[in-house]
1. Output the Cα-based Rg and Dmax of region 8-62 in Å, rounding Rg to one decimal and Dmax to a whole number.
2. Could you tell me the center-to-center distance, by alpha carbons, between region 113-154 and region 14-70 in angstrom?
3. With a ≥ b ≥ c taken as the square roots of the eigenvalues of the C-alpha gyration tensor of region 87-154, please select rounded if a/c is under 1.5 and otherwise prolate if a/b is larger than b/c or oblate if it is not?
4. Evaluate the relative contact order of the chain (contact order divided by residue number), counting alpha-carbon pairs under 8 angstrom at least 6 apart; express in whole percent.
5. Angle, helix 100-121 long axis vs. longest principal axis of the chain, Cα atoms, 0 to 90°, nearest 10?
6. So what is the calculated 222 nm ellipticity per residue for the chain, using -39500 (n - 2.57) for each DSSP H run with n of 4 or more, over all residues, to the nearest 500 deg cm²/dmol?
7. Of the beta bridges DSSP finds with both residues in region 3-153, what % are antiparallel, to the nearest 5?
8. Ranking request for peptides 104-114, 127-137: highest mean number of other beta-carbon atoms within 10 Å first, then the rest in descending order.
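Quick note: the coordinates plus some simple rules give every number you see, no bench work behind them. Bear in mind that the values here come from a model prediction, so they are computed numbers and not experimental data. Glycine also receives a Cβ, built like all others from the backbone with ideal geometry; neighbour counts cover every protein chain displayed.
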């Protein structure tokens, strides 16, 4: 899929959402992590990492057959961050956190908010793909909370 096709997917979701966020496309996320998209509050922009999303597609689904759908799902999630009215407050709370457990819970809430928005934005998305992406997206946050809770109990 070329950048032109990706831009068409982004433009369609921007129109449906009414979001004024600006969109940038890059191939790779800096730093070696496999991140498909990143919302920046400072300039109200989303950067989509197309090569990273291809890697995610191969890892999760074994082929690039669903790449366009995955791109759509990931972008809907990033729009969820961009349009989250609670994000600034949650971000401030995250910065002020003294408890690691509370910090992890707030980070999870930020991600869950974005997914809730995405679900409304792409109700016609491939449900199995959506469920898989959300599961893996939130798994690390939930696992970190479980580990932190276990350490506090021990």
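1. 12.3, 36
2. Using only Cα atoms, the two centres lie 17 Å from each other.
3. Because a/c hits 1.5 or more and a/b fails to exceed b/c, region 87-154 counts as oblate.
4. It rounds to 20 percent for the chain.
5. For helix 100-121, the angle is close to 30 degrees.
6. Computed mean residue ellipticity for the chain: -22000 deg cm²/dmol.
7. 45 percent
8. Working: 104-114: 18.8, 127-137: 15.2.
Answer by packing, highest mean first, reads 104-114, 127-137.
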